[in-house]
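The next block holds one structure in the form of structure tokens; read it before the comments.
The values are calculated or read from the model by the stated rules, or taken from the named source; none is laboratory data. Owing to the predicted nature of the structure, the values given are computational and were not obtained by experimental measurement. Note that each Cβ is placed from the backbone with ideal geometry, even for glycine, and that neighbours are counted across all protein chains shown.
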Amino acid sequence: MHSTAVSNGCAEWFIKVLKENLLWVRSFDTVEELMEALLEFKDHYHWIMSKHGYKTPAQIHREKKTCAEAAA
């Protein structure tokens, strides 16, 4: 797969996560409130990604599936 396609997929996935976990569930009265929420989201998101070795959810699911199949 071409690296641009991979990069686009990662960017699209991140935007989806951002929308579903912040932008569609909260309202912001000011730009400052939005900026603060984005910074908090970044810190939380970074923690989640580092916990999983900076892998996408699809990579983690594939690894778990492979381990489960090997154990069976």
Residue satisfying all of: in region 39-66; surrounded by 11 or more Cβ atoms within 10 Å (Cβ to Cβ) and part of a loop (DSSP other than H, G, I, E, B); modelled with the highest pLDDT among these: K55
Tabulated pairs, region 38-49, first at negative phi and among the hydrophobic types (A, V, I, L, M, F, W, C), second modelled with pLDDT of 85 or more and surrounded by 11 or more Cβ atoms within 10 Å (Cβ to Cβ), C-beta under 7 angstrom, 6+ apart or interchain: F41/L18; F41/L22
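One line per residue, one yes/no per condition, for (1) of a type outside the set (G, A, S); (2) under 12 Å from the mean Cα position of the chain (by Cα):
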| site | (1), (2) |
| --- | --- |
| E12 | yes, yes |
| N21 | yes, yes |
| S27 | no, no |
| E36 | yes, no |
| F41 | yes, yes |
| S50 | no, yes |
| T56 | yes, yes |
| K64 | yes, no |
| A68 | no, no |
Exclusive hit being modelled with pLDDT of 85 or more, exposed (fewer than 11 other Cβ atoms within 10 Å of the Cβ), of a type in the set (D, E) and not in a loop (DSSP other than H, G, I, E, B), set E69, E36, E12: E12
